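**Q** Before I ask anything, here is the structure I am working with.
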Amino acid sequence: MTSYKNSQEELEEFSRDVYEAFQAIGVTSDMIHRRRHDRLLEETVDTTENKLMGYPYSTFIVGSQVEGSTTIEMLSDTDRVWRREDYQVVLKLGPWQKGKINLLAFKDETTPQFYKLCRLQRTPDGRQEYRRDPVHETDVVDEQGRVLVCNTLFDNVMKHACEALGEGEVVKHGPSRSWSDEFDFVAAFPCHDLPRECEFLFTRSRPGHWPKPETLEYARECQVFFIPQGHPHSPLNERKLQWRLSTSLTERKLMYDFTEEQMLVFILLKMLKKEYCKLTFGDNFSTFHIKTAMMFCIESHPPDIWRIDNIVTCATYCINILIKFAHKNVCPHFTMGGVNLFDGKLSEPDIRELETFLINLNKNIIEYISELKMDSFGVKVLRKVHDNESIIKHQTEILKQITWRVRSTQCDTFQRICSQLSEMDVSIAVRYVSDHLTYLCGLQSQGSDLQRGAADLLLPFLYGTLASIKASCIITQQPVTHNIINLYQHSFERDLMNSKLKYASMLYCRSQYDQAADMLNHCEGLLGPDVAQYCRCPGRNYSYQSDTFLRKGLNTSTVELMKTSSTSCVLFCKHELPCVPEHLQNEMYRTQTQKDRNERNESHDWMDLVVTKCEPFLYYLQYLVYRQEGDLPRKQSAKSHLVHYTHHGVGKWLCDKALGHMDTALHMLAHCWELEDRPDVAWQLYQQSINIYPTNNIAWVHLIRLFKKYFL
């Protein structure tokens, strides 16, 4: 055991202070589990979208964010694995699967020792023989005539996606590809069987208390991937043909078996590594080295040592294991045999330097922790007193981030589906949405808890969209059928306001003003300080989450919070236009010139839809309805609310364009003034809109229309 400058009593007291500091920065057991659940929910919504859209991959979130092993200022990115469902890797001749691209994994003399790499060979679909002709431009035919898959296979796809989204260049980090500091993406091929190397976790001897038998049973069911990474010291022509085994899902399952105290030790070590090792070792000494040491530490030390008053001592135990690894120049993999995690990462001089640092860290760990600047952690440890308001503030900041990610994924799904619908004939669109509803209802009745949560988040949009499309197909003079009304009502059950506004818009367009007014009054009553307003449209991004909403979220599940206390943009595809006020229909045609088209990319598909925020749309519909009913006071009240919304947004957030679709809100207000025969005010509002968004703005057309009507 390491010798300390502090007594055991001092270490125990300091450990309790460390625990309290973690509570103060929002790293509590509840928030760790909330992070895990909500990132898994985000993963499930994303995968469900892929199924609905027919994309051939499933999404898995791995690493810090889904483990809950991060803090606000750690700024951990989100690691996503895209499992290609149209591919399958087999380890021997035999288990070919028809309808998939089958690849055979094999090793040869070029495979570096201590690094579990394979080459992947193409085979004809459904036949147990070798392919002789390249399929993809990156394929390589070796001297034996085998067609090998290059690990740059998806680089061009990622590059084109990056360009289409208007992002920066794709950056490589090992097997991952990224164009943002927030995300890393890894394309992965699923392996049909468990490779022999991965049996290591289940067959080697161990003390027996961890991992628990049931954890190992679950872990054995986790799929193993081949990911695009070669050995960094291999020649380039060999490296690009190497694919590495990944057990990231198994590791995620093991992380979920950590106790609260073990998680806090792990997070503490990550903070120390990031603050004191980053400049010297970069990413070559990684979180994964620490995670591996933690797993070996938990396995080799008795469970009763992992206590709140023993956090710092347990951290030193883990550091001791890292020191032993460094001394032997070998960091073994926890889930795979015969792997040295230092290989290709740290040279021998680097390992010696790391060993020296770790020894010094262990001897002076209290000083190192006390000086941690991340999340002001050292100060919080030393100060000891933490007020409840500060704790809640940190927890709500964490909640703000994770609920935004779930809502963003949900909104992305809405936009993609709506954009697809606009490209279809109406009959195909109806069948398309109906099939999606059938699939989601199946998940809701027979899926896992996460799948039911994902279905709950997606069903209201689909019910409301199908109802609106069907209502649009009916001649105005014909009554809306009970079937359509039932679809609207189904959408109301799981949605705060969006579907209700679509329903009110349909009623207005069919001149059913009394019913429309009742629904709009109901919607107005739903607005309040505890309602979050989201927008995920690129170029119009906006997230408003009040303290009231976030505090409510601390005691409310994210699915329930999204259903009862949040709104997103109201979307209409082209098949819903008869249910949209005529003036607002123009928003679908905002792209008019070549300059407009040059400013757009694939992420701007929403510009071909009618899109508006809920709140201004509510006030605009109220104005139109009360105008038809001749209710002057309520009409003026609705316009005043819309004036306040736009003036508040333009005045406060004009510089960063953060208040969602402010251009569309200004256009609705301008139309109100046009209806009152005030083209001069409308003209100013359209100009304000153009000042905010000079391109892809229908305000230009409105100005030309006004000029022709009033000034020629």
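The values are calculated or read from the model by the stated rules, or taken from the named source; none is laboratory data. Given the structure is predicted, the values throughout are model-derived calculations rather than measurements. Backbone-built Cβ (ideal geometry, glycine too); neighbour counts: all protein chains shown. For the accessible areas, the whole protein counts, side chains as well, though only heavy atoms, and no ligand, DNA or RNA atoms are used. Shrake-Rupley method; radii C 1.70, N 1.55, O 1.52, S 1.80 Å.
A quick yes/no check of all residues on (1) closer than 20 Å to Ile321 by Cβ; (2) touching a Leu at 6+ places or on another chain (Cβ under 8 Å); (3) in contact (Cβ under 8 Å) with a residue 24 or more places away in the chain:
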| site | (1), (2), (3) |
| --- | --- |
| Lys172 | no, no, no |
| Glu182 | no, no, yes |
| Asp193 | no, yes, yes |
| Arg204 | yes, no, yes |
| Pro207 | yes, no, yes |
| Leu216 | no, yes, no |
| His233 | no, no, yes |
| Leu254 | yes, no, yes |
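**Q** Related question: Only one residue in Ser546, Ser568 is open to solvent by less than 20 Å² (accessible area, probe 1.4 Å), closer than 25 Å to Val430 by Cα and not hydrophobic (A, V, I, L, M, F, W, C). Which one?
**A** After ruling out the rest, the residue left standing is Ser568.
**Q** State the number of residues belonging to region 396-408 that are in contact with a strand residue (DSSP E or B) (Cβ under 9 Å, 6 or more places away or on another chain) and β-branched (Val, Ile, Thr).
**A** 1
**Q** Can you tell which of Gln684, Gln636, Gln688 is of a type in the set (S, T, N, Q), in a helix (DSSP H, G or I) and in contact (Cβ under 8 Å) with a residue 12 or more places away in the chain? Don't jump to the end; show me each part of the working.
**A** Details: Gln684 fails: in contact (Cβ under 8 Å) with a residue 12 or more places away in the chain; Gln636 fails: in contact (Cβ under 8 Å) with a residue 12 or more places away in the chain.
Result of the check over Gln684, Gln636, Gln688: Gln688.
**Q** Follow-up. Restricting attention to region 693-704, which residues are surrounded by 14 or more Cβ atoms within 10 Å (Cβ to Cβ) and part of a helix (DSSP H, G or I)?
**A** Passing the criteria: Ala699, Trp700, Val701, His702, Leu703.
**Q** For region 343-370, name all the residues that are open to solvent by less than 30 Å² (accessible area, probe 1.4 Å), in contact (Cβ under 8 Å) with a residue 40 or more places away in the chain and within 30 Å of Arg204 (Cα to Cα).
**A** The answer is Gly344, Leu346, Leu354, Asn362.
**Q** Right, here's the next one. Please enumerate the residues belonging to region 265-290 that are open to solvent by 10 Å² or more (accessible area, probe 1.4 Å) and within 24 Å of Pro175 (Cα to Cα).
**A** Selection gives Lys273, Lys274, Lys278, Leu279, Thr280, Phe281, Gly282, Asp283, Asn284, Ser286, Thr287, Phe288.
**Q** Something else about it: Filtering region 291-311 down to residues that are touching a Cys at 6+ places or on another chain (Cβ under 8 Å) and in a helix (DSSP H, G or I), which residue is surrounded by the fewest Cβ atoms within 10 Å (Cβ to Cβ)?
**A** Ile305
**Q** Okay, moving on. Within region 444-455, track down each residue that is part of a helix (DSSP H, G or I) and either of a type in the set (Val, Ile, Thr) or surrounded by fewer than 19 Cβ atoms within 10 Å (Cβ to Cβ) (or both).
**A** Gln444, Ser445, Gln446, Asp449, Arg452
Matching residues to (1) open to solvent by 60 Å² or more (accessible area, probe 1.4 Å); (2) under 26 Å from the mean Cα position of the chain (by Cα); (3) in contact (Cβ under 8 Å) with a residue 60 or more places away in the chain:
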| residue | (1), (2), (3) |
| --- | --- |
| Val406 | no, yes, yes |
| Cys411 | no, yes, yes |
| Ser422 | no, yes, yes |
| Gly442 | no, yes, no |
| Gly464 | no, yes, no |
| Tyr488 | no, no, no |
| Phe492 | no, yes, no |
| Asp495 | no, yes, yes |
| Ala504 | no, no, yes |
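**Q** For the structure I just gave you, tell me whether Arg131 is open to solvent by less than 70 Å² (accessible area, probe 1.4 Å) and at pLDDT below 85.
**A** Considered against the rule, which asks whether it is open to solvent by less than 70 Å² (accessible area, probe 1.4 Å) and at pLDDT below 85, Arg131 comes out as yes.
**Q** So if I check each of Lys595, Lys563, which one is closer than 19 Å to Ala699 by Cβ, touching a residue at least 12 places away in the same chain (Cβ under 8 Å) and part of a helix (DSSP H, G or I)?
**A** Answer to the check: Lys595.
**Q** Right, Leu11: modelled with pLDDT under 95 and either more than 25 Å from Gly447 (Cα to Cα) or open to solvent by less than 20 Å² (accessible area, probe 1.4 Å) (or both) or not?
**A** Considered against the rule, which asks whether it is modelled with pLDDT under 95 and either more than 25 Å from Gly447 (Cα to Cα) or open to solvent by less than 20 Å² (accessible area, probe 1.4 Å) (or both), Leu11 comes out as yes.
**Q** Same structure again: Can you name every residue in region 542-591 that is polar (S, T, N, Q) and under 29 Å from Glu674 (Cβ atoms)?
**A** Of everything in region 542-591, those that are polar (S, T, N, Q) and under 29 Å from Glu674 (Cβ atoms) turn out to be Thr567, Ser568, Gln585, Asn586, Thr591.
**Q** How many of the residues in region 291-313 are farther than 19 Å from Val18 by Cα and either of a type in the set (A, V, I, L, M, F, W, C) or under 31 Å from the mean Cα position of the chain (by Cα) (or both)?
**A** So the count comes out to 7.
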